[in-house]
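Reviewing the structure listed below.
The values are calculated or read from the model by the stated rules, or taken from the named source; none is laboratory data. Not measured: the values here are computed from a predicted model. Please note: Cβ atoms are built from the backbone with ideal geometry, for glycine as well, and neighbour counts cover all protein chains shown. SASA here: full protein model, heavy atoms, side chains in, ligands and nucleic acids out. Shrake-Rupley method; radii C 1.70, N 1.55, O 1.52, S 1.80 Å.
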Amino acid sequence: IPVQPGGYEVVLHFMELYAAGGGRRVFDVIAEDNTLVSDLDISQRVGAGVPLSLTRFVAVTDGTLNIEFRPKVGL
């Protein structure tokens, strides 16, 4: 996402619609090469069909906010 260099409050919105039951869809959220959330399992944390919002601060130095959702394999 192109942005001016600086600090940003990033609000992430999630809801598990398909994988009811914990452990089926687990992932990390990485922004600007920093892990914002580790081992996020939405179904286990709040249940299926329930919205979850997480707010994190991210510093951007290169003019591009990079966000990655990295699945955990073999859990």
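Some points to look at:
- Those residues of the range 51-75 which are assigned to a loop (DSSP other than H, G, I, E, B) and open to solvent by 50 Å² or more (accessible area, probe 1.4 Å), in sequence order: Pro51, Thr61, Asp62, Asn66, Lys72, Val73, Gly74, Leu75
- Any hit, the range 18-38, residues being among the charged types (D, E, K, R), assigned to a strand (DSSP E or B) and open to solvent by 60 Å² or more (accessible area, probe 1.4 Å): no
- Meets criteria (surrounded by 12 or more Cβ atoms within 10 Å (Cβ to Cβ) and free of Cβ contacts under 8 Å to residues at least 60 places away in the same chain) for Val3: no
- Taken over the range 13-46, the criterion of being closer than 21 Å to Ile1 by Cα, touching a strand residue (DSSP E or B) at 6+ places or on another chain (Cβ under 6 Å) and of a type outside the set (A, V, I, L, M) is satisfied by His13, Phe14, Phe27, Asp28, Glu32, Thr35.
- Residues located in the range 6-17, provided they are open to solvent by 40 Å² or more (accessible area, probe 1.4 Å) and either more than 23 Å from Asp39 (Cα to Cα) or free of Cβ contacts under 8 Å to residues at least 40 places away in the same chain (or both): Gly7, Met15, Leu17
- Residue within the range 41-50 that is in a strand (DSSP E or B) and open to solvent by 90 Å² or more (accessible area, probe 1.4 Å) present: no
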